[in-house]
Amino acid sequence: MNANLENRVDTRIIDEIISKHKGDPGELLTIMEEVQEANEYKYLDDLSMDYLSSKTNVPLSRIYSVATFYSFFNLKPQGKHTLIVCRGTACHTKGSKILLDDLTTLPGCKEAFDQGETTFTTDDMLITIKTVACFGQCALAPVVAVNGVIYSNVTSEQIKKLLVNLQEDNKDENIRLS
């Protein structure tokens, strides 16, 4: 992924989000979610978190703590499409490791996961590959999610089809695997 990519949310948008929630620190999660969604690459950049801290009087360490605790917050730019592979026990025993290996054909992906990363985004910002501990859909293993749509009993052939579909930037959110 392009390490120089910095896409800060306009401070006026952050001000509007804070104002909408009346600056209530109890609304921190919601405010952070909305700031992340306002970012073109769906992540909380350092400058936006710093600005959010100064405007809400919530220490930056607390904002960062919240952002790293909840898995739905991203601290790195995300691709247009997201493909998540479950790594839970049931999915692992049913082949999720093979599915992940199929995805590591993307340049740089294998190296990222070999270094312990749980997220990889292609340089063109088209696809983000993530792993998750468990989707809670164990009876349907192995499970993957593409742009929020869950696919069950996914095979190596099907994951390759999903990947090609995403690389072609297909607009159809529900990809037929059969």
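Rule-based calculations on the coordinates, nothing more; no lab input. All of these numbers come straight from a predicted model, not from anything done at the bench. Every residue, glycine among them, receives a Cβ derived from its backbone with ideal geometry; neighbour counts consider all protein chains shown.
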Place +1 on the Cβ of every Lys and Arg and -1 on the Cβ of every Asp and Glu in the range 81-167, take the dipole about the Cα centre, and give the residue among T105, Q137, Q115 whose Cα lies farthest towards its positive end. Q137
Quick one: C109, C86, fewest Cβ neighbours within 10 Å first, how do they rank? C109, C86
In Å and on Cα atoms, what radius of gyration and Dmax does the chain show? 17.7, 52
When each of K110/K161; K55/K80; K22/K55 is checked by Cα-Cα distance, pairs over 23 Å: K55/K80
Where no second cysteine Cβ lies under 4.7 Å, the cysteines concerned in the chain: C109, C134, C138
Shape call for the range 11-69, from the Cα gyration tensor axes a ≥ b ≥ c (a/c under 1.5 means rounded, otherwise prolate when a/b beats b/c, else oblate), comes out rounded
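Using only helices, what value at 222 nm comes out for the chain when you add -39,500 (n - 2.57) per DSSP H run of length 4 or more and divide by the total residues, to the nearest 500 deg cm²/dmol?
Working: 8 runs with 73 residues, N = 178.
That calculation yields -11500 deg cm²/dmol at 222 nm.
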Please determine, in degrees from 0 to 90 and to the nearest 10, the orientation of helix 156-167 with respect to the longest principal axis defined by the Cα atoms of the chain, where the helix direction is its Cα long axis. 40 degrees
Over the chain, with a Gaussian network built from C-alpha contacts below 10 Å, which listed residue (N57, N147, N39) shows the highest mean-square fluctuation? N57
Arrange L126, L99, L52 by Cβ neighbour counts within 10 Å, fewest through most, would you? L126, L52, L99
Listed residues A145, A112, A133, most fluctuating in the chain (Gaussian network, C-alpha, under 10 Å): A133
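Nothing charged except the Cβ atoms of Lys and Arg (+1) and of Asp and Glu (-1): what's the magnitude of the dipole of the range 100-150 about its Cα centre? Round to the nearest 20 debye. Don't jump to the answer; show the numbers that get you there.
Details: 2 positive and 7 negative charges, 52 e Å.
Using Cβ point charges on Lys, Arg, Asp and Glu, the range 100-150 gives about 240 debye.
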